[in-house]
Structures are given as structure tokens and as C-alpha cells.
Amino acid sequence: MDPELEAFIPLFPRADLTDPVTERAELADLAAKLPPPDTTGMEIEDRVVPADPGVPIRIYRPHQARGAIVWLHGGGFVLGDLNTEHPWATRVAEASGAVVVSVGYRLAPEHRFPAAMDDAYAVLTWTAAHAAELGVDPERIAVGGHSAGANLAAAVALRARDEQGPPIHYQLLNQPGLDDRQETWSARNFTDTPWMHRDKITASWRHYLGTTPATPYAAPARAVDLSGLPAAYVATAEFDPNRDEGIDYALRLLRAGVSVELHQWSGTFHGSQAILSAEVSRRQIAELGAALRRALAE
């Protein structure tokens with residue numbers, strides 16, 4: 001474990017997803033106590049994307065942005081909203097220079113699959129249709145997110161390919177949770193890792209799926225054909241149950257002819273990039289932004 005990160009482990013919240021309502025409130029309280037991010041040099045606007053129901057979004061517009069990313073927060077499909085994601089969406093916009101469209105998708109277990117994925121896809125469709133209004137090139141739209149948000153980004157990329165939907169230029173998948181089967185080495189063996197461990201992931205999938213069998217749009221690792229998908233940046237954390245499924249997905253994308261940049265961050269754990277006092281965390285956020293900046297410039 002990176003020694004800078006290890007010192008913070010006792011301070012991480014112990015949410016186990018057994019009481020979603022209480023744990024959402026605790027996460028909101030924790031996020032509210034963080035120093036506000038620097039939003040100088042960008043415009044921020046809250047809107048609602050027309051859908052059934054409407055999807056709240058928060059748009060971050062850096063000056064002279066050329067591309068955009070539909071950004072999906074983490075939280076095991078159960079936690080998180082536009083406000084808790086605000087510090088990270090701001091940093092992604094600042095580091096990449098892209099317009100960030102942060103999505104307040106519906107949460108499980110009140111809204112199980114495919115609610116969150118449908119919301120994400122509706123926002124992708126809206127972003128493509130409003131590219132001129134957003135001041136971006138419609139051919140330079142990416143999808144991305146952390147953890148469960150990275151799952152949703154990968155699922156949206158699959159659906160857009162299958163339905164000939166809006167063109168996606170890039171997918172930015174940070175510590176993605178892609179496989180409900182939990183059969184990889186890391187999923188089976190990381191039972192007591194910080195913040196995210198096997199039991200918590202089991203609870204996350206139970207909340208998200210209920211009794212519905214997983215499809216590739218719920219668990220993208222189940223997709224048989226990964227050809228024709230957008231180029232990707234995949235980042236994994238060493239002490240993360242999701243580590244091996246992220247690496248496996250990146251390798252399968254490569255074998256399907258998709259260009260992939262894969263970064264396995266040694267000494268880190270799931271969600272540790274939130275500890276911004278650690279040098280490795282600052283590098284992780286900077287690289288996410290740099291990868292997106294490079295991709296949207298191509």
C-alpha cells in the first residue's frame with residue numbers, strides 16, 4: 001500500500017450499502033465538508049434533460065473547449081449525485097479542457113437496471129443533439145466515469161454501437177466494475193480491502209439487478225463481441241476487487257481491435273484517488289484529464 005494512502009484508511013467511511021438512505025446522507029455530508037474546488041475559468045449550469053423521467057445534469061464549460069464527456073459518478077449504483085460528484089467533475093473539466101456533462105442518474109435499489117443506463121444514454125443522446133449549443137464538435141464526445149459510473153459508460157458505448165446511436169469518440173473507464181459474476185482472482189480474494197471489498201460489491205450488484213439476470217448492458221464484461229467500440233483509457237487500482245475485470249476488459253478490447261491505454265496503479269485501492277493530499281492520487285486525476293485531452297484533440 002502506498003504509505004500516503006495507508007494513513008487515510010481509518011478515515012474512510014465504512015459504508016457497506018445495507019442502508020442506502022442513511023449512507024447517501026453520510027456521503028453528502030462528507031462531500032459538503034471538502035474544500036470547494038476552484039471553478040475559475042469555467043461556467044457551470046444545472047439543467048434537466050427531457051426524458052421519462054427527466055435526468056438532472058450539471059454542465060461544466062471550460063473556456064475554448066472543443067470536446068465533451070458524459071460523466072457518470074461512482075457509488076455502487078446506490079450512492080452519489082451531482083453534488084457529491086462536483087469536486088471530481090470540476091477536476092476532470094479543468095484537467096482535460098473538455099465540457100463535462102455530469103449525470104444525476106437514478107439510483108438503486110429504488111430504481112434498478114436499466115434505469116441508470118437509460119438515463120446515461122438519454123444524456124448522451126441529448127449531448128450529441130446539443131453539441132452546437134455546448135460549443136463542441138459532435139464528433140468529439142466521450143463517455144466516462146468512476147467505478148459504477150465506468151460500468152455505465154462502458155454499457156452506453158455498447159448500446160450506442162448496437163443501436164447505431166450517437167458516435168462516441170472515447171471511453172474513460174476509471175476502476176470499472178464490469179462483471180457481476182465476481183469470478184476473477186481479485187474479486188474472490190479481496191475480501192477486506194479499503195472502501196471496496198467483495199461483500200460490498202455483492203451488495204451493489206444485488207441492489208442494481210434485484211432478481212433480473214445480468215445482460216451485457218448491465219455487466220459489460222458479459223458482452224461477447226467488443227469490436228467496433230470507441231478507443232479507451234482503463235485505469236485499475238492494485239488493491240481493488242474490480243482490478244482484474246478491468247484489466248481483462250482492456251485486454252479483450254485490444255484483441256477486438258480497439259485502441260486501449262491501460263494503467264494499473266500500484267499501491268492504490270478503490271476510490272483512493274479521492275485522497276488528494278497523496279501524490280499518487282494527484283497523478284491519477286491528472287492522467288485521467290490528460291488522456292481525455294489527448295483523445296479529444298485527435
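Nothing in this text is a laboratory measurement; each read-out follows from the coordinates by a stated rule. Quantities reported herein were computed from a predicted structural model and do not represent experimental measurements. Heads up, the Cβs are rebuilt from the backbone with ideal geometry, glycines too, and the neighbour counts pull from every protein chain shown.
Only beta bridges with both residues in segment 3-297 are counted; by DSSP, about 30 percent of them are antiparallel.
Distance distribution P(r), segment 248-298, all Cα-Cα pairs, bin width 10 angstrom from 0: 21, 42, 33, 5 percent.
Computed over the Cα atoms of segment 3-297, the ratio of the radius of gyration to the Kirkwood radius (Rg/Rh) comes to 0.93.
With the cut-off at under 16 Å, measuring from each backbone N in segment 241-264 to a point 7 Å along the Cα-to-Cβ line of residue 202 picks out 241-242.
Computed over neighbours whose Cβ is under 14 Å from that of residue 32, the net charge equals -2, Lys and Arg +1, Asp and Glu -1.
Could you work out how far the C-alpha centroid of segment 1-36 sits from that of segment 94-115, in angstrom? Going from one Cα centre to the other spans 19 Å. Taking the Cα of residue 39, stepping 7 Å toward and past its beta carbon, and measuring to each backbone N in segment 49-77: which are under 18 Å? Correct set: 49, 56-65, 69, 71-73.
Between the beta carbons of residue 129 and residue 222, assuming R0 = 45 Å, the FRET efficiency works out to 0.90 to the nearest 0.05. In a DSSP loop and with at most 10 other Cβ atoms within 10 Å, the GluC sites (Glu not before Pro) in segment 139-190 are 163. Of the trypsin sites (Lys or Arg not before Pro) found in segment 10-91, those in coil by DSSP whose Cβ has at most 13 other Cβ atoms within 10 Å are 14, 33. Under the classification rounded if a/c is under 1.5, otherwise prolate if a/b is larger than b/c and oblate if not, where does segment 161-241 fall, given a ≥ b ≥ c as square roots of the Cα gyration tensor eigenvalues? Oblate, because a/c is 1.5 or more while a/b does not exceed b/c. Under the convention that each Lys and Arg Cβ holds +1 and each Asp and Glu Cβ holds -1, the size of the dipole of the chain around its Cα centre is about 360 debye.
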